[in-house]
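The values are calculated or read from the model by the stated rules, or taken from the named source; none is laboratory data. Just so we're clear, the structure is a prediction, and the values are computed from it rather than from any experiment. Backbone-built Cβ (ideal geometry, glycine too); neighbour counts: all protein chains shown.
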């Protein structure tokens with residue numbers, strides 16, 4: 001790393017837990033850029049720049065070892081920390097960073113406006129996709145971010161729009177999830193009683 005501050009870095013993974021007694025950690029990768037987790041790569045974990053000294057796949061995730069992390073206790077202190085790296089130019093590919101999708105407009109393939117992405121919800125790797133939280137008319141619905149359902153289209157100005165071809169029932173009718181109005185004291189009671 002070239003002394004980059006945290007604001008210039010992107011999240012490429014998250015430390016899940018320590019593994020074994022020699023300082024390895026289980027990392028949930030959030031990047032599919034080739035070489036991102038190769039041995040010799042420098043990343044920021046917490047407040048420190050670390051070099052990856054070992055990397056191997058493990059049950060849909062990665063086992064990584066970093067320089068300076070020699071035992072389980074040190075590895076356990078990394079639990080929950082983001083793994084950050086310098087951004088890679090992905091402008092010539094169909095790849096987008098998660099933070100580029102937040103704020104993106106969502107449209108149905110028939111042209112209907114379906115809302116705006118407000119958050120990315122990470123699912124376990126076994127799911128094969130993550131969820132996008134989409135806000136529409138004050139309500140929220142969840143969109144599986146799967147290639148067969150979502151296509152990201154970038155306009156000349158660089159704005160990303162997600163074009164969705166959802167299965168029947170995913171976006172038809174009323175949203176299933178609604179945020180309670182903080183000014184309405186009865187909203188939490190209605191939500192807990194199952195009334196919609």
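Some notes on this structure:
- Filtering 35, 71, 40, 60 for residues that are surrounded by fewer than 17 Cβ atoms within 10 Å (Cβ to Cβ), out of contact with any strand residue (DSSP E or B) (no Cβ under 6 Å at 6 or more places or on another chain) and closer than 24 Å to residue 121 by Cβ leaves a single hit, 60.
- Applying the set (1) free of Cβ contacts under 8 Å to residues at least 40 places away in the same chain; (2) closer than 20 Å to residue 123 by Cα to residue 77 leaves exactly one unmet item: (2).
- 2 or more residues in the same structural domain as residue 145 (by TED's automatic domain parsing) and over 21 Å from the mean Cα position of the chain (by Cα): qualifying strands (runs of 3 or more DSSP E) within the stretch 12-111: none
- Take the conditions (1) under 26 Å from residue 58 (Cα atoms); (2) touching a helix residue (DSSP H, G or I) at 6+ places or on another chain (Cβ under 6 Å); residue 117 misses just one of them, which is (1).
- Failed item, numbered, when residue 164 is tested on (1) surrounded by fewer than 16 Cβ atoms within 10 Å (Cβ to Cβ); (2) modelled with pLDDT of 75 or more: (1)
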